[in-house]
Structures are given as structure tokens and as C-alpha cells.
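Here's the structure we're looking at; comments come further down.
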Amino acid sequence: MSSKRVKSIRWESGNLYLLDQTKLPHQMVEEKQNSIGQVWDSIKQMKVRGAPAIAIAGVYGLVIGMKDKTPLPPQDFMAELYNQSDYLKKSRPTAVNLTWALNRVINKVKASLKKSESTAGDSSSLYKTLIQEAEMIHREDEDICKKIGENGLQFIMPGMGILTYCNAGALATGGIGTATAPMYLAHEKGIPFHVFACESRPVLQGARLTAWELQRAGIDVTLITDNMASILFARGMVDMVMVGADRVAANGDTANKIGTLGIAIMAQYYSVPFYVALPISTIDVATATGREITIEERDGEEVTSMGGVRIAPEGVKVINPAFDVTPGELITAFITEKGIISKQFNSNLAEIAASR
Ligand code: MRU
């Protein structure tokens, strides 16, 4: 499995390479990122996407942006660091991991400045701290995914049908994914199960990415259009739902790819457990409920066309919210690297988030 596992982000000799996910499954093309502006565009255009992957790309984007700023005195270097980080945070607003990761590297650099108590000279040592922390976030994500997999493995019983939505897979992280992590580990152990991947309109992450990466790993995956999920539930073919998350509010309300809420409602109607797998960096206790989560609105063209081909009349009105919010009450449990979070979400999420 590991040799076949696709890597969406590669950091090598100080260079950042992103696998252009907009070209999958037809072409596997890595694109070298030469400027912070290019990284911003790659996030916005979803060449790199998925909450943890956006966070990793974002901190490397900051590393690239700050590269020629080391001659600045430390205070000016810090001011520039804040500016560039604010710029990157605006690329995609819903997934909290990006903000979390950028804040984390900034806090680390700030702490190293405080320790050195130096206000003169250049900022080479601060820049070195920035690189080290960005690399650490990347490395840690691989381990986090594995732990999510280990914690989620207990829910996969032989012969199960698992429905997933969008792509919370290896492509969306620095490891074996979040929702897919228990699947990869179960497959490695020889446990038989099958996955139903919803295509996930409008951008088709389920069809283009999840179906591709699971099939590539030899996992039994069946692709369905989003409107087919209901008949699978009605026919008793879905034993469990496993999805990822972009932001979890303090009360358990969860933003994930548009369409997730509909699946959660179906799961409740048919008494099927609904699990959300995520790193604890996706938990945002500063946001009280899902109502306060900013939902990214994307270009209407994603709705009026498919694969670059127009499918709707010119001039038709369109809305394109990229995410929806599933109320915590529809979620059976959260699967994290630090264990399972079950109800009561309010206190349990706060406790686990405080441990990071
Ligand atoms: O718009 P995307 O493709 O970035 O949305 C991705 C999702 O909604 C994922 O489920 C989520 O980011 C979790 S990825 C581990």
C-alpha cells in the first residue's frame, strides 16, 4: 500500500511540488511552486485541496514568500510574516487547518525571537525556525493520519459497505487520509469491505480523486452519482458513513463538502452510523456553532460546466456554496488521532482540542 500511496505534496531541497489535482485522474502532473502568489492560486484553484493538505501547502507558501526577507531586521521580518500569512489565509476561508497551521508557525518564530532577545542583525535564524516548523507540520500529518486509521479501524467489520463523500484521502493530507485511513489499514489487514464513493458535484472530488486513489490501492470501490446514495441506504447497502471535515465548531457542528449534510440526514433516517474522521487541528473551539462558520462561495462556472464542457444555458442563475454544515446531533462520533470523541461533544471537543 505505502509504495502505491500517492503524495499530493512534495518538499525537496527547499522546493515545493504540488500534484495538480485538477488534472486527475487523467494526468499526474507535479507543479513546482515558485512564489507565494503561485501557492495562493494553487490553493484557490484547488490544485491542492483538502483541509490538511491546504494547511501544509500554506505553510510552505509562507516559507517561499519569506525566502528573500532574511536581510530584514527581526521586527520587520515579523511584520512581513504576519502580512503574508494574512494573505494566504484568504485563499480559502472554510477549512480552519490553514489558519491553525499559519498561526502555529508564526507563534514558533515569535517564540524564537523572544528567546534570542535580538532586535538587530538579519533574520536568518528566524527563517530557519519557520522552515523547521513547516516541515514538522508536514511530517506530523503523516503520523496523525496513521493514528486516525488505527483509532477508526475498530468500526470496519468484515463485509461492510462504507459510504464516503468528497475526498478525505491521501490526496487531501500528508499521509493516508482521514476518512480513508481506517480503510487503508483494514485493507492492509485483509479485512473485506467495500466503499461507495459519491461523485461529489460540482468539482467531482469523489469521482476524480477518491475512486482513483482507492482503486489504485486495490480497495473495492464503487462510484455512484450523488443522487444514488438514497437508494443504497434504502436497499440496506450502507452500514456506515465515513467522511472528513473542514471545520468542527465547539458544539460538534461540522463543515464538510457540500452534500455531506444530505448524506447525514439519510444516515439518521436509516439508522446508519455517521462518523467524521479528522485531525484535532480541524476542531475550532473559538467558533461556537456551525452558524458562525464562513462558507466559501465559488465561481458559478463549476456548476454550469463539467470537465470544462458547458451543461447549462448561458445566463442561468447559479449558487455554488462549497461546503455545508452537518449539525453535531447527526454525528455518531469523531475519529481523531487522539481517540474517539463521542457525545457530549461540547465538553469532549474542548477537552481534546486543549490537549494539542
Ligand atoms: O473543496 P475541498 O476539495 O478542499 O473539500 C475537501 C473536503 O471537504 C474534505 O472532506 C475535507 O477537507 C477533509 S480532507 C481530509
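Computed quantities for the displayed model
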quantity: Dipole magnitude of the stretch 73-144 about its Cα centre (Cβ charges: Lys, Arg +1; Asp, Glu -1), debye to nearest 20; calculated: 220
quantity: Distant-in-sequence amide H partners of VAL203 (H built 1.01 Å from N, under 5 Å); calculated: none
quantity: LEU163 long-range amide H proximity, modeled H, under 5 Å; calculated: PHE196, ASP239, MET240, VAL241, MET242
quantity: Virtual spin-label span in nm between LYS32 and ALA79, 7 Å along Cα→Cβ; calculated: 3.3
quantity: Filter on LYS69/LYS89; LYS67/LYS110; LYS110/LYS338 - keep pairs with C-alpha separation over 25 Å; calculated: LYS110/LYS338
quantity: For the chain, calculated [θ]222 nm from helices alone, where every DSSP H run of n ≥ 4 adds -39500 (n - 2.57); calculated: -12000 deg cm²/dmol
quantity: Global form of the chain, assessed from the alpha-carbon gyration tensor, a/c cut-off 1.5; calculated: prolate
quantity: Sequence-distant residues sharing a close amide H with MET306 (under 5 Å, placed H); calculated: ILE311
quantity: The chain: antiparallel DSSP beta bridges as a percent of all, rounded to 5; calculated: 50
quantity: Only Lys, Arg (+1) and Asp, Glu (-1) charged, at Cβ; the chain dipole about Cα centre in debye; calculated: 300
quantity: Cα gyration tensor shape of the stretch 215-356, rounded if a/c is under 1.5, else prolate or oblate by comparing a/b with b/c; calculated: oblate
quantity: Anisotropy class of the stretch 54-95 from Cα gyration tensor, a/c 1.5 cut; calculated: prolate
quantity: Helical segments meeting 27 Å axial Cα length and Kyte-Doolittle -0.5 threshold in the chain (DSSP H); calculated: 96-116
quantity: Average Cα contact separation per residue, the stretch 40-162, under 8 Å, 6 or more apart, as relative contact order %; calculated: 32
quantity: Gained length - ASN346 relative to ARG310, 0.36 nm times residue gap less alpha-carbon distance; calculated: 8.5 nm
quantity: Alpha carbon centroid spacing (whole Å) that separates the stretch 280-356 from the stretch 163-222; calculated: 18
quantity: Relative contact order for the chain, counting Cα pairs under 8 Å that sit 6 or more residues apart, in percent; calculated: 16
quantity: Exposed-loop-free span, longest in the chain, where GluC sites (Glu not before Pro) count as exposed if DSSP calls them loop and at most 15 other C-beta atoms lie within 10 Å; calculated: 118-313
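Since every read-out is calculated from the coordinates, none of them should be taken as a lab result. Bear in mind that the values here come from a model prediction, so they are computed numbers and not experimental data. Positions of Cβ are backbone-derived with ideal geometry, glycine not excepted, and every protein chain shown enters the neighbour counts.
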